[in-house]
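Enquirer: This is the structure I want to talk about, given as structure tokens.
Throughout, read-outs are computed from the coordinates displayed, never taken from laboratory work. This is a predicted model, so every value here is computed, not measured. All Cβ positions, glycine included, derive from the backbone under ideal geometry; neighbour counts span all protein chains shown.
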Amino acid sequence: MPSSLTKPFTDHPAKVGETYFEHFRIAASFAMLLLMAGAAAVIHALVPALCETTASDIIKRLHAKMSARH
């Protein structure tokens, strides 16, 4: 049984069938893609001719990945 110190790090990953480090890798990859989508959206806001579909393409890809995991 996990101690109260490790519970915040292990409970959720265990609920989704992952170890802490597996969950970290997946969550970090999602975070990086979201940062890239945000940067593309800012670039598009400044120069509408650039990154026209980049942010939405990334979001669609993330949605598909997340949906496939459940």
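Enquirer: Just to be sure I understand the rule: take each whole DSSP H helix in the chain, project its Cα atoms onto its long axis, keep it if the span is 27 Å or more and its mean Kyte-Doolittle hydropathy is at least -1.0. Which ones pass?
Expert: Working: long enough: 20-46 (39 Å, 1.41).
Sorted by number, the helices that extend far enough and score high enough are 20-46.
Enquirer: Taking the structure as given and computing Cα extents along the principal axes in Å, which label from (1) 55, 24, 12; (2) 43, 32, 26; (3) 32, 27, 19 fits?
Expert: (1)
Enquirer: Give the relative contact order (percent, whole number) for the chain; include only Cα pairs under 8 Å separated by 6+ residues.
Expert: 21 percent
Enquirer: Moving on to the next point. How far apart, in nm, are two points set 7 Å out from the Cα along the Cα-to-Cβ line at Ile59 and at Ala28?
Expert: 2.7 nm
Enquirer: Among the lysines, which have Cα under 20 Å from the Cα of Lys15 when same-chain residues fewer than 8 positions away are ignored?
Expert: Within the straight-line limit of under 20 Å, Lys15 reaches these lysines: Lys7, Lys65.
Enquirer: Once the Cβ-Cβ distance between Met36 and Thr6 is put in as r, and R0 is 35 Å, what FRET efficiency do you end up with, to the nearest 0.05?
Expert: According to the calculation, E is roughly 0.65.
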